[in-house]
Structure formats: C-alpha cells, structure tokens
Amino acid sequence: MKKKKLIACILLLSIFSIFITSCSEQPKQPTEKTVLKVCIESSQLNDLKSIFNYYHQLYQDVIVQPILLPAGKEQRETEIKKIQTQIMAGTFADLYLLSTNNPFYQENLEPLFPNLNKMMYSGIFCDLNEFLKKDKEFNRQDFLQPILNAGKANGKQVIFPLQYRQNILAIEHSNLTEIQNTVYLSDLLELFQQNSYSGSQLIMQSYFSNEFASLLPELISYEQEKVLITKEELEKQYRTLLSFIQLENLPSIHTESKLLKSFNDCHNTINYLTTENNPDFVLRPLPTADSPSAAYITIYGAISAQSKYKQEAYQLLRIFFGEEAQGSESTSAVKNFRLITTFFIDWSVRTDISEQYKSIQYDDRTGMPDVLNKVQSVLSEESKVSFFSNLDAAFNEIIENRYNQLFTTFPSDEEIQQDVDKMMRLLEQAAME
C-alpha cells in the first residue's frame, strides 16, 4: 500500500513539474529580419530598387533600407552637416553607394564626403580586406590595380571603387605619331608649340574642361598630412597648364578639323570610336605634370566601421563590383542592371569582362570589347588616381576663372601669383584640417 502511495506521489509531482515548466515557457518569437541601411542619392532610388530587391531574393533575412540624401540644395546643406555628425558617431548607415563629382551629374550638390582622399584615413570605414580574403570568388587580378589602390589607406582597402573616368586622347595613325613619345604635359605642350603645329592649325577638341586640376602634379599627402609641392614649383606647373589650355583654345570654331580629340567619359569615347568613321586611331592617355595619365574614381562603395552588419553590407557591395553590374549580359541578374541609367555610366573597374561587355546603346562597328581593352590599357601603375574632391573643385574654379581670359591674353605675373597664393592656402588648409 505504501509503495502504491509512493508511486502515485511521484506521478503527481512529475505531472505538476511538467505543468509548471510549460507555463513558464514563452511562445517562440518569429525571427527578426536584419535591416541593412544603405546610403544613396535620392535620384538613384528608382534605379537601385531592382538591385535591392534582387539582393533580398538572395538573402531573404535581410531587408535593405535606403537612406536618401536630400536632393534640394538648401535642405541638403543643412542636412549634410547633421548627417556628417551622425557618421562620426557611427549611427548613420551600414553601406555607402555614392558618387564623388557633382553627385550623378546633379549640378551644385555638395557630396556627403567632400574629400574622400582625406576621409580614408579617418577610421570611419572598415577594412574590406577582411571580407575580400574570405571571398572565394574574388580575385584581385580581375580588377585594375591602380584603381583599387586608390581606395587604400594605411594598407587597408577601406573604399571599393566601382567606376572611373580618365582623360584619353584619340589620335589617327597618320597624325601626331610624336605624341606616343611624350611623357608629361610639358612634353605635349612643347610638341604643340613647334612650328608644324602653330599658326592656324587646330589641335584638340576637349571634353575635360571641368577637370583641369587633374593635370596638375600630386599636391598633397593625406597620410603624412603635408603639402608635397613648393610655391615655386606650383607656379611653374600652373604656367604650363595655362599655356596648354591657351594653345588648345586657339582657334576653336571648326572642331571637326581638330587633329585629335580628348575624352574624359565613357559615352563620348565609345560614340566616337564605334559610330563615327574613325577606322584608324590609337588611344593614349592625356599626361599630367608628373605622371603619364590621371583618373578620377566617380562611384564607390564603403562600409561603416561601426556597422553591426558588415557581412551583409559586403554581400550587397560585391553585387556592384561583380560581373553582372560591371558589364556581363550572361546572367539573369543583369536584368536588374539594365534599368540603371545614371549609376553605371563610366568605365568598368574589372579587367575580366571585356569579352562579355557588349554595347547596347551604340553601333558596335569596332566592337565594345575592343574599346574597353584599349581604354584600360592606357592606365598604368604610375597613373595619378584619386577621388574627385572639394579641393579639386576649388582648384578648377580658380583655373576656370582664367579660361575665358586665355582666349585673348595670357594672365599677368601678378594674376598668376594671386592664383598660386590661393592654391597654396587651400593646400595647407586641406593638409592640416
């Protein structure tokens, strides 16, 4: 009898224990989705929606939340300052997909990061090497090394360049073969000043007039926080640049008879080399004061060092530097990119997609792959590659103020001194900020 009572008590205790346990357990909550904040320009939202949706199909636990920069000039100036404060505090976005020069061709809009060349050393962006090294599909050799290197700071790949543009000369084989031997801008100027090219001979049709600063030498080291050029050397290089601009302008009415053409963007280059009757041409870069060529990064991606979702941000970023976005038509994903009209408008940073890169907008008479290969081949390790910055814009403004004057007369020594003094002040301020 006692044994039966003991068994009954044990059973009752077990049942009671199960009841208490079941009452204390909370119902399982549904898994929360990760919200990935991506900073883009307002004007790009419609273009990028399809990419974000494509990303969500691949990673269904992640939702992309676009953080839009203001489009209105007055509102933007106020909001940009607030956003920059949030960024320094690490509370704004996980990923940045932005442009550097007049954001996506919207005039007079201040970029979020006025000087990325300096910002790279601030610590606000994470080192992408952490993810690139683990990415089995990433091969650094598939990309233009000078372009990738422009996004490095202290040995870390803190920014991933997505598109670039450079100043290119298109030269007919029968003309100006001497240009092949010029190394710097001063050599090109000396060649054009020879008697055979002087007088009424038209020399160049230029498309790079808003990028005069790119032709100057390397002026500043943000890593060392110091100016790299003396006032005397800057004046010398500035005079050379003004002489080149003046020579290029004289005379400038009948552009169709120019001996060569200079291009700084993808559309003009492709159009000239594939749709017009230009069967015999060579491409070479327009040299700068101290390098064989210059290039600007126009579009880039960067991940916040404070982001809690760096891996998710990298997975989205890699779509933008992948073959689908950079030029391939071989996968279904590219359907998402065909709608992009203003995001991918310059030269691809990949070297492995030229055979797949087919021109949709242009008559492919010479072949888009051929043009892409030729353009990429003029970039070298010695090229001056950087992000267009507020310093470049300020220098361009100074030079452009002399542009119209050069149609009639060369600036006086006093005017040149005034310009050089302004430039030196800007350099010293940028180095020490």
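Some points to look at:
- Condition check for E382: modelled with pLDDT of 90 or more and of a type in the set (D, E, K, R): no
- If you filter region 98-119 down to residues that are closer than 11 Å to L69 by Cβ and not in a loop (DSSP other than H, G, I, E, B), you find that the one that is modelled with the lowest pLDDT is F104.
- Residue check for Q60: modelled with pLDDT of 85 or more and in a loop (DSSP other than H, G, I, E, B): yes
- Among the residues making up region 375-407, those that are closer than 19 Å to L116 by Cα and in contact with a Ser or Thr (Cβ under 6 Å, 6 or more places away or on another chain) are S383, K384, F387, F388.
- Just one of the listed residues (V375, V420) is outside any loop (DSSP other than H, G, I, E, B) and at pLDDT 90 or above, namely V420.
- Pair list, Cβ < 8 Å and 6+ apart or interchain, from region 128-139 residues that are of a type in the set (S, T, N, Q) to residues that are open to solvent by 20 Å² or more (accessible area, probe 1.4 Å) and at pLDDT 95 or above: N129/K156
- Which numbered condition Y55 misses (of (1) open to solvent by 30 Å² or more (accessible area, probe 1.4 Å); (2) modelled with pLDDT of 90 or more; (3) part of a helix (DSSP H, G or I)): (1)
- Residue tally, condition in contact with a helix residue (DSSP H, G or I) (Cβ under 9 Å, 6 or more places away or on another chain), under 27 Å from S293 (Cβ atoms) and not in a loop (DSSP other than H, G, I, E, B), over region 379-406: 18
- Answer from I299, I229 - the residue that is modelled with pLDDT of 70 or more, of a type in the set (V, I, T) and either farther than 22 Å from A153 by Cα or part of a loop (DSSP other than H, G, I, E, B) (or both): I229
- Exactly one residue among S214, S186 is within 22 Å of S386 (Cα to Cα), touching a strand residue (DSSP E or B) at 6+ places or on another chain (Cβ under 7 Å) and either modelled with pLDDT of 85 or more or part of a strand (DSSP E or B) (or both), and that residue is S214.
- Total residues in region 309-351, condition outside any helix (DSSP H, G or I), among the basic types (K, R) and at pLDDT 75 or above: 1
- If you filter region 63-96 down to residues that are in a helix (DSSP H, G or I) and of a type in the set (D, E, K, R), you find that the one that is farthest from Q315 (Cα to Cα) is E74.
- If you filter region 273-296 down to residues that are of a type in the set (S, T, Y) and at pLDDT 70 or above, you find that the one that is farthest from F212 (Cα to Cα) is S291.
The values are calculated or read from the model by the stated rules, or taken from the named source; none is laboratory data. Everything numeric in this text was worked out from a predicted model, so none of it was measured. Methodologically, a virtual Cβ is constructed for each residue, glycine included, from the backbone with ideal geometry; neighbour enumeration extends over all protein chains shown. Ligands, DNA and RNA are stripped out before the accessible areas are found, and what is left, the full protein with its side chains, is counted by its heavy atoms. Shrake-Rupley method; radii C 1.70, N 1.55, O 1.52, S 1.80 Å.
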